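Worksheet: one structure, shown below.
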Amino acid sequence: MAKEKKFVFKKVDDLPPMAMSLGTMRVNKTASWRNLRPIIDYEKCIDCMICWKFCPEPAIYLREPDERVAIDYDYCKGCLICVEECPVNAISTEEEGK
Ligand code: SF4
Ligand code: SF4
């Protein structure tokens, strides 16, 4: 059986339009769902914003003052879509509570 090829988006402009409804999700803090915590390695991150685009919660934002992506752990539910979609593997995971 042929191996499935994963399509990797290189920058946020490559993405098709996606549905977002962050206004309603803001009321649900989903941190308690999380078993694994995503951690961004800023040495590897190329600021492409792909993780922000794919995150289904309002959990990824631009931090001040350097305007780099950061994770709001009150809203991150640990789905790890960001880990899967990061084109340069800049997001690793850590067991929650460690
Ligand atoms: S693990 Fe899921 S909810 Fe948390 S930042 Fe990544 S994509 Fe968003
Ligand atoms: S963590 Fe990965 S997906 Fe997110 S901005 Fe950085 S390089 Fe892009």
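The values are calculated or read from the model by the stated rules, or taken from the named source; none is laboratory data. Nothing here was measured: the structure is a model prediction, and the numbers come from that model. Note: ideal-geometry Cβ built from the backbone for every residue, glycine included; neighbour counts use all protein chains shown.
Out of 95, 64, 85, I need the residue that is touching a residue at least 24 places away in the same chain (Cβ under 8 Å) and farther than 22 Å from residue 8 by Cα. Which one? Explain how you work it out, then say what you get.
Values: 64 fails: touching a residue at least 24 places away in the same chain (Cβ under 8 Å); 85 fails: farther than 22 Å from residue 8 by Cα.
Result: 95 is the single residue among 95, 64, 85 that is touching a residue at least 24 places away in the same chain (Cβ under 8 Å) and farther than 22 Å from residue 8 by Cα.
Would it be correct to say that residue 44 is at pLDDT 95 or above, within 20 Å of residue 9 (Cβ to Cβ) and surrounded by 12 or more Cβ atoms within 10 Å (Cβ to Cβ)? Explain how you work it out, then say what you get.
Numbers: at pLDDT 95 or above: yes; within 20 Å of residue 9 (Cβ to Cβ): yes; surrounded by 12 or more Cβ atoms within 10 Å (Cβ to Cβ): yes.
Taking the combined requirement at face value, the residue satisfies it.
Under the condition of being part of a helix (DSSP H, G or I) and aliphatic (A, V, I, L, M), which residue from the range 1-30 is modelled with the lowest pLDDT?
In the first step, residues of the range 1-30 are kept if they are part of a helix (DSSP H, G or I); the result is 12-14, 22-25.
Of the ones still in play, those that are also aliphatic (A, V, I, L, M) are 12, 22, 25.
Working: 12: 75, 22: 57, 25: 68.
Among those that are part of a helix (DSSP H, G or I) and aliphatic (A, V, I, L, M), it is 22.
Of (1) without any contact (Cβ under 8 Å) to a residue 40 or more places away in the chain; (2) away from ligand 1 (no atom under 11 Å from the Cβ); (3) over 9 Å from the mean Cα position of the chain (by Cα), residue 49 satisfies all except one. Which?
The number of the failed condition is (3).
So in the range 74-98, with the set limited to residues that are of a type in the set (Ser, Thr, Tyr) and at pLDDT 95 or above, which one is nearest to ligand 2 (Cβ to nearest atom)? Spell out the reasoning first.
Pass one, the range 74-98, residues of a type in the set (Ser, Thr, Tyr): 75, 92-93.
Filter once more, so that each one left must be at pLDDT 95 or above: 92-93.
Numbers: 92: 10, 93: 13 Å.
Only one residue fits best here, namely 92.
Would you point out which residue out of 71, 39, 50 is in contact with a strand residue (DSSP E or B) (Cβ under 8 Å, 6 or more places away or on another chain) and either crowded, with 16+ Cβ neighbours inside 10 Å or modelled with pLDDT under 75 (or both)? Let's see the steps before the verdict.
Details: 39 fails: either crowded, with 16+ Cβ neighbours inside 10 Å or modelled with pLDDT under 75 (or both); 50 fails: in contact with a strand residue (DSSP E or B) (Cβ under 8 Å, 6 or more places away or on another chain).
Only one candidate passes the filter, namely 71.
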